[in-house]
Structures are given as structure tokens and as C-alpha cells.
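Heads up, the thing below is written out as C-alpha cells.
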Amino acid sequence: MPLSRAEHEDYYLGYANSVLWPMLHGRVDLLDVSSGQRATYEAVNRRLAKLARPHLRDTDILWIHDYHLIPLAAALRELGVTNPIGFFLHTPFPDAGSVQALSHSDSFLRWFAAYDLVGLQTSRDVARFLDAFRSAGAAQLISGRCIRWQDEIIRVGSFPIGIDADGFRDMAEDAIRTQTPPLSSHRLMIGVDRLDYTKGIPNRLRGFQTYLRDHPAEEDRIAFVQIAPPTREDVGAYMDVRRELEQLSGEVNGEFSDIGYVPVQYIHRAVARSAISGLLRRADIALITPLNDGMNLVAKEFVAAQDPEDPGVLVLSKFAGAAEQLEGGAVLINPHDPASVADGIRKAARMPVGERRQRHEQMYDILRQSNGDWWADSYLRALEASAVIRISNLAS
Ligand code: ADQ
């Protein structure tokens, strides 16, 4: 469905990416609530519902994804659609205070009531989701997955998104066969993210800077490759983080570069998926430090890509959704504290191979058990069960 220029500005750049995205990540300081944007957001969802309506068959199950489309189920219900409709939010669900920062927080919460099941990434998100309704008043908790709010029943569950771990490992193995190895003789540390202020890339550089200051010896040197392609560049907050990152990487390189050693390589463009898989495989450390992240698939892809005999170490923010599943195997850090990031890097760089293998095996088992197919199947089964309850309630 093509968007007009005005819709692109008010719906996509505006309401979705300058209001909902920062709010969902708890960055209410960045909220840009201009008049008209929310009306366009709802209007685009209504238009999409009208466009989809004639294509729906009675037996269809609808699964709607992410924050651009939260009111879509309500718009479909207005058109008389009674099919099971599920929703999955890829971002975190924020604390109740952030939701209240929206000038229309009740309408935001009500959008979720049109779904048979709301899927979130972690149990922490589910707890926050239920809390947002409780804080909005007149809510009655029916169970840990179901709440009655202003005469609406809302069902929610945690369904951590998975990847095809074996497929990614195969791709990484193929990639290193064909890729030219990097020239650097230093240990390789990698970061791969869209250049988004939620990903904590400047914080990670400050952490690396602290590490380099504390470990001046040549044998402790690590070459850090950060791949961060542009995203949503028309939104002001994204221009700011780009400038900050460029300045910081220059600063770190100025302070620590030596003949034959450049500490930071910052690549500000898209890199092919297979090339990324090869780099992840070669890396000794992945430094993944979001300030807040729904899941973070790169963390899982890094684990999948490793050689099980000589695996690298995942240094992971405790604020990534992936930390809930991988806390036993990853080195968890606080991305706000450069000393914690530096300590994580040091631990990873010195970890003996036995411990690396054991941590990797534990994480790889989890990735295999909760892979992409498991995620979709378990969500869709739960959605069908929820829809049966709604339809039988309607009938009685
Ligand atoms: P994203 O914020 O985009 O996704 P993430 O999960 O890390 O974050 O990455 C998505 C995919 O993009 C990964 O497969 C990764 O390999 C790829 N990617 C990242 N940087 C890339 C680059 N420089 N070049 C090429 N590919 C790159 C949102 C949420 C996350 C959640 C996912 C899935 O913000 O928290 O994990 O959805 O639910």
C-alpha cells in the first residue's frame, strides 16, 4: 500500500518512529508529539484494513506485526472481521510511566483489546504490559496472562523470537571458505546494528575506550569492527547519534592507533548477510550493548555462527531481550557504565577455551530448542486457543 508524502512524514517518520519507537524504548525525552500525527497513524491503519478486508476468507488467521500497525485489528473489527487476530510486538514493552507520557495513553492501550492474543518478547515485557493496564485504572488481573480492563479482556504472552541456528551456522561456515581473512593479527571484536540510538553504540565505544586505557599492553590489543548501516536518517535523533559515533570513533583511534593497529573500524553502510555471518564466525568477541532492545537477533546469530571447538564470547547488555534466555552463557554487562563494558571485554578476552565451549554449548542448545519455527508454531497455537475462548464467549 503506497503512502503519500504527507503519510510518510506523519505516519512513518512521525507517529511510528518519533513517538511510538522512543516511547516503547522508554526514551520519553525524545517524544515528538505534534498534532495530527496520531490521526494520520490511525487513518493509515484504517485504509490498510479496508484494502485487506476483501481478501480475507472465513478460515484465515491474521498475525499482525509491530508498532506501525497496532490499531489494525481495531480497524478490521470495525469492518466486521471476526477471524482470529494476533499481534506481535518486536520492541520491548515500556514501563507504565512511559505509556502515560502519551497524551492519549488510554486509546493506545485500547488498541490491544481488539486482538485475541498479544505476543511480547520476554516475561519482563509481559509484566510491564499488565502493569500499564493496572496503572491506567479499573483493571482486574485474571491471571498472569490475562487482564480485564474497562470491560475488555486482553490476553498476552511471552514468545521470544528465534532464529534458524543451524541454517545460520551453515551460512557462516560457507562464508569463511570464500571470504578473505582480515589482515589484522589482533583479536577481533564485532558489533552489528542498525545505527539506532537504542542500540547503545556510543556507550560501547566509551566502554572500549575504558578497556584500552586500562590495558595498554600490546598483547591485550583488540581490533573492534562496528557495522552500523544508516536507518531512519530523516529523524533528528538518528542524525545526532551518527555525529556522536563518528566523533567518538575518531577520538578513540586518535588516542590508541599505532603502526599496524587501528582500534576501531566503523562501517556506515549495509553489508551482505553472508559476509556478516562470516565476520561473526571469525570474531573472538561480540559486543552487543543496547540500552533497550526487544530481543536482539545479532546476539543469537553470533552464537549460531561460532565454531563449537573454539567459540567466541558474547558480551551482552542485560537490557537486551536475549539476556533472559542467554544469561547463563553470555557475559552480561550494564551498557550505561563504561567500567562494566570494559570489564565484560576483559573477561571475554581472557576466558579459557573450556569455559568458552561450555557457555557456547549451553546457548546453542537454547537457540535450537527455541528456533524460528518453534516461535511461530507456539505463538499460532496459543492464538488459536485464545480465539476459541473469545468465539465461545460471544456465542454464550
Ligand atoms: P532490529 O532493531 O532491527 O529488530 P536486530 O534483532 O538486532 O534488531 O536485527 C535484525 C536483523 O538485521 C538481524 O538479522 C541482523 O543480522 C540484521 N542486521 C543488523 N545490522 C545489519 C547490518 N549492518 N547489515 C545487514 N544486516 C544487519 C527489531 C527489534 C529487535 C528484535 C527484532 C526481531 O528492535 O529487538 O530482535 O526486531 O524481533
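Rule-based calculations on the coordinates, nothing more; no lab input. Keep in mind that this is a model prediction, so the values were computed, not measured. Cβ: placed from backbone, ideal geometry, glycine included. Neighbour counts: every protein chain shown.
Report, in whole Å, the centroid distance computed from the Cα atoms of the stretch 266-280 and the stretch 78-134.
Here the answer is 34 Å between Cα centres.
With both partners inside the stretch 165-369, how many of the DSSP beta bridges are antiparallel, as a percent to the nearest 5?
Details: 1 of 21 bridges.
Antiparallel: roughly 5 percent of the beta bridges in the stretch 165-369.
What ranking, highest mean first, results for peptides 225-231, 173-179, 129-135 when packing means the other Cβ atoms within 10 Å averaged over each residue? Show your work: numbers first, answer last.
Working: 225-231: 17.9, 173-179: 13.7, 129-135: 20.1.
Final packing ranking: 129-135, 225-231, 173-179.
Using DSSP to define loop residues, name the trypsin sites (Lys or Arg not before Pro) in the stretch 33-79 whose beta-carbon has at most 11 other beta-carbon atoms within 10 Å. Could the numbers behind the result be given before it?
On the way: sites: Arg38, Arg46, Arg47, Lys50, Arg57, Arg77; in loops: Arg57.
Listed in order of number, the matching sites are Arg57.
Given 0.36 nm per residue, what is the gain on full extension from Leu394 to Ser274 after removing their alpha carbon distance, in nm?
Working: separation 120, 0.36 × 120 = 43.20 nm, distance 4.94 nm.
Additional length available on full extension: 38.3 nm.
Roughly how big is the chain's charge dipole about its Cα centre, with Cβ charges of +1 (Lys, Arg) and -1 (Asp, Glu), in debye to the nearest 20? Spell out each step's value before the answer.
Working: 43 positive and 52 negative charges, 128 e Å.
For the chain, the charge dipole is close to 620 debye.
Hey, with R₀ at 22 Å, roughly what FRET efficiency would Ala339 and Lys318 work out to, going by the Cβ-Cβ distance, to 0.05?
0.90
Read phi for every residue in the stretch 127-137 and hand back ³J(HN,Hα) as whole Hz from Karplus 6.51 cos²θ - 1.76 cosθ + 1.60, θ = phi - 60°, with x for Gly and Pro.
4, 5, 4, 5, 5, 4, 6, 4, 5, 7, x
Could you tell me which of Thr178, Met189, Leu212 has its Cα farthest along the dipole of the stretch 165-369 towards the positive end, charges placed at Cβ (Lys, Arg +1; Asp, Glu -1), taken about the Cα centre?
Thr178
When only C-alpha pairs under 8 Å and at least 6 residues apart count, what is the relative contact order of the chain, in percent?
On the way: 696 pairs, mean separation 63.9, N = 396.
16 percent.
Please identify, among Leu117, Leu287, Leu56, the residue showing maximal mean-square fluctuation in a Gaussian network model of the chain using a 10 angstrom Cα cutoff.
Taking springs between Cα atoms under 10 Å, the residue moving most is Leu56.
Cα centroids of the stretch 161-190 and the stretch 341-396: how far apart, whole angstrom?
22
Amide H to amide H, which residues 5 or more places from Val192 or on other chains are under 5 Å from it, using H placed in the peptide plane?
Here Ile227 satisfy the definition.
Could you give the C-alpha radius of gyration of the stretch 165-369 expressed as a fraction of 2.2 N^0.38 Å, taking N as the number of residues it contains?
That ratio works out to 0.95.
Please state the equivalent ellipsoid semi-axes for the stretch 6-147: what are the square roots of 5 times the Cα gyration tensor eigenvalues, largest first, in whole Å? Can you show the working numbers first?
Values: eigenvalues 107, 88, 30 Å².
Output for the stretch 6-147: semi-axes of 23, 21, 12 Å.
Mean projection of the alpha-carbon convex hull of the stretch 288-396 over all orientations, in nm²? Walk me through the numbers on the way to the answer.
Working: hull surface 32.9 nm².
Here the figure is 8.2 nm², rounded to one decimal.
Taking only Cα atoms and a 10 Å spring cutoff, compute GNM fluctuations for the chain and point out the largest among Leu195, Leu291, Leu30.
It is Leu30.
Which percentage, to the nearest 5, of the DSSP beta bridges contained in the chain is antiparallel?
Numbers: 9 of 39 bridges.
For the chain, the DSSP antiparallel bridge percentage is about 25.
For the chain, what is the largest minus smallest coordinate of the Cα atoms on each principal axis, given in angstrom and ordered from greatest to least?
Projected onto its principal axes, the Cα set of the chain covers 73, 43, 38 Å.
Across the stretch 280-290, in residue order, what do the Karplus-derived ³J(HN,Hα) couplings come to in whole Hz, using 6.51 cos²θ - 1.76 cosθ + 1.60 with θ = phi - 60° and x for Gly and Pro?
So the J values, rounded to whole Hz, are 4, 4, 6, 5, 7, 9, 10, 10, 10, 10, x.
Report ³J(HN,Hα) in whole Hz for each residue of the stretch 244-255, in order, from the Karplus equation J = 6.51 cos²θ - 1.76 cosθ + 1.60 where θ = phi - 60°; Gly and Pro get x.
Whole-Hz 3J(HN,Hα) from phi for the stretch 244-255: 4, 5, 5, 5, 5, 5, x, 5, 5, 5, x, 6.
Just want the answer: with Cβ charges of +1 for Lys and Arg and -1 for Asp and Glu, which residue in Asn203, Ile154, Ala237 is farthest toward the dipole's positive end in the stretch 146-288?
Ile154
Show me the ranking of peptides 335-343, 297-305 by mean Cβ neighbours inside 10 Å, starting with the highest. If you can, show how the numbers build up before the last one.
On the way: 335-343: 19.7, 297-305: 26.4.
Most protected by this proxy first, the peptides run 297-305, 335-343.
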